1. I'd like to check something: does the stretch 700-712 contain any residue that is outside any loop (DSSP other than H, G, I, E, B) and either in the same structural domain as residue 921 (by TED's automatic domain parsing) or within 37 Å of the chain's Cα centre (by Cα) (or both)?
2. Going by the conditions given, is residue 349 touching a residue at least 40 places away in the same chain (Cβ under 8 Å) and within 30 Å of residue 320 (Cα to Cα)?
3. Which number in (1) touching a residue at least 60 places away in the same chain (Cβ under 8 Å); (2) surrounded by 20 or more Cβ atoms within 10 Å (Cβ to Cβ); (3) out of contact with any helix residue (DSSP H, G or I) (no Cβ under 8 Å at 6 or more places or on another chain) marks the one condition that residue 173 misses?
4. Report yes if residue 346 is crowded, with 21+ Cβ neighbours inside 10 Å, within 17 Å of residue 282 (Cα to Cα) and at pLDDT 95 or above, otherwise no.
5. Spot the failing condition for residue 373; the list is (1) in contact (Cβ under 8 Å) with a residue 60 or more places away in the chain; (2) within 25 Å of residue 481 (Cβ to Cβ); (3) surrounded by fewer than 24 Cβ atoms within 10 Å (Cβ to Cβ), and only one is missed.
6. Determine whether residue 319 is touching a helix residue (DSSP H, G or I) at 6+ places or on another chain (Cβ under 6 Å), assigned by TED's automatic domain parsing to the domain that holds residue 148 and either under 28 Å from residue 879 (Cβ atoms) or not in a helix (DSSP H, G or I) (or both).
7. Are any residues in the stretch 882-911 in contact (Cβ under 8 Å) with a residue 24 or more places away in the chain, surrounded by fewer than 17 Cβ atoms within 10 Å (Cβ to Cβ) and not in a loop (DSSP other than H, G, I, E, B), and if so, which ones?
8. In this structure, is residue 519 surrounded by fewer than 21 Cβ atoms within 10 Å (Cβ to Cβ), touching a helix residue (DSSP H, G or I) at 6+ places or on another chain (Cβ under 8 Å) and either under 21 Å from residue 445 (Cα atoms) or outside the structural domain of residue 445 (by TED's automatic domain parsing) (or both)?
């Protein structure tokens, strides 16, 4: 029992074992409005954002000849300020099939070529074209796409020309839809120069005829894929594919790029080469490192699509290594199958967020927002594009007969494009469901947040990383959900650098932040010291450029990083804090060297992060990433360099080890005894971690220990680098004869975790943590409260009785914290570490591979200690509209001696699969995920459920006393009492609940004390009244 001195009201409530965590009073209510904090960090800024765009391509070819009423509406919907508000356009230079080939491409897909051939020529006639012959050019070609050019050129500030396929006569098969073998090169290597001539001449003509200027020309589109193939029917006419495309392996890509660069060197256009415009980041990386050095040098801008999402960060690091801008130059997709569902809007919003965070692109470009409505219906109401209109409308049609419809992507895309504008800088956030940017003038910020949950969410913006937050700073939400599009809410004042807004379920919200500017602290502080821990190896980079077991006492495992600028492409020197040597690359080898003058490129590094606390380090000279070769884990393994892969062995957790202060040491002694103070104190470092530092104390005179009370002793702690920091010890001087009751939880049949110390109560009110030994725990067979006796041992050899009150409740299923997960295979760029971070909406783990897919994968979960496991919950990440990434079935169990995993096969229906288990004790669980035919797996979260103590409802009192004297006749079932005291106004009332986790409040009402007990789960309350009567 704990006695407190009188308060102003003369009352106090005793709560057993204060300081233990308390569960929410109403779990159901808590789940209905989940809190979410987004920290915006302007210290890590991406390059100036160029903007948002689209290819004109099929949509322009299909609609550019429509009646003005229709096509003008479409232009405004795509490029207008109230529409998608795009400012980048990609013009498709069509290839075109031979005149004798009957039409077979999809509506809009037959973008005209710029040649003029006799009508009788067929696919076999591939030698006729002479670029020097003016009669072989058709400068009136492609009128419908060019109509769009004229209508949008005042709204577009960045132009790119691109090709899906050369004209038929520059292909191997003679068709623009690809080769007969889609894995073989389709562009004629002997016509690379003529292909370059074709692209440059068309670009120059467009610039001269339409008054525009192209910034780049991309000669390729998803070249190193097997997408592009032509199939002939029995009559010799092609039946597919249905769009222009041409396979080109890296060697052929290099030939084309070099030819284009050579031609541009003499051209009238100022356009530069962009490439390779690959389908996904992984293939992009393959293409890039497969090019010749001359071809790589010829590319001024890197383009990548995100139809596959693995290795985004590898593409980012390629661009940084090559010091060139990176565009996300094309993506689309279909989420859901109707216009009104938020599935499509949320799917696209999350794709944008992920691309911006992981790729760090300077531009983000759609494939085409306008899609053929009839084609979408024929494909099962697919939601590709955000604007649907029939592609077969005629000159006689109107908006009534050629209707335009939009899905929710149209609205959620505008949450980005209306508010993150060219000139802004995207910045780091700690949240995978959010993207943020600071405005071009540096005096505001924009945050876009996606909430896919079926419940509302309180989103708190943490603006503490800004250097200046004005007193009148505000946050204004602009919300898109099923109930409204871009609905602007009221401005919310920023208080204490934070603002909270409730966003709807299944919504995308833009937060417009005013009154913020500058940076509070550097992204990486040159005055701080950091530890570089390998994400895959779990070991620290050491002064000899090897990985070593982390040791807080080793100065040679700490580093300083000094940058030359504040942007995301700043170049850093990385210097060992213990030795003073710099990390460098010489002759392809990673080493440390004694600095001699200014650092050259071999001793400079660029760092990248997605905001998760891990980084890649790119050597400026080598253009390669620091890694642990071979994914080694052995102590002493050397660090090395490799091309970016997004692998965990290329990521390093940057942990700030700079001591920011010390925690007061707390101890006790008996009156007249000089205490033995601790040899170390706990130091704090940024991020909340702690370190033990040696300390020397300046002891006060011996006489201060003679009287009971509290004595503060000052000292000096020393960190591993020899820097000193003040320390204090708070010493309680008292004699301890009793203890406060401790508390613990259990379920029937379970074993409670009993505390190692109890709070000792001194004769003079002192409190101190005393070591305790507990007696045997009786069998816990029923619910209730069980007392377990123990013995506390204060200094001086005395023993003091102790008790822990064990609350026994019916078990509940709870996710086990701290498990370790391994997988039989993981796609590069993903990790099993994200499977246990509590986020059920991100793409944490994937087993995608282009070939050789396996029918199943096994996830093995190792628990920190044996638990009574009751089930497994797998949260899949839907990687496409058709359910890509979701397993066909799940099997879970305990691994057998031979490593097999047996259990009942559970079919998967939706994105969440629940597999019950028997509840037997184990520390290892296996989960087998069976894929759909030729499918793959993407998982957001894996939960292992085990029995855990629940929460109790009991709201009764166990004891009631006044000034330390028990109230006469106390009975928990009786709710009114009377006690005589000398001074009612100063009486201390103490109430102890029957359940150690219940809460007690005491309120004074004149001379009556009203005691309210609330059960732990919040469902029951009991009220007791105690009348205090003055004793004569």
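1. No, the stretch 700-712 has no match at all.
2. Yes, satisfied.
3. Failed condition: (1).
4. The answer is no for residue 346.
5. The one condition residue 373 does not meet is (1).
6. No: the conditions fail for residue 319.
7. If the condition is that a residue be in contact (Cβ under 8 Å) with a residue 24 or more places away in the chain, surrounded by fewer than 17 Cβ atoms within 10 Å (Cβ to Cβ) and not in a loop (DSSP other than H, G, I, E, B), then no residue fits.
8. no
The values are calculated or read from the model by the stated rules, or taken from the named source; none is laboratory data. Note that the coordinates shown come from a computational prediction; the quantities given were computed from them, not determined experimentally. All Cβ positions, glycine included, derive from the backbone under ideal geometry; neighbour counts span all protein chains shown.
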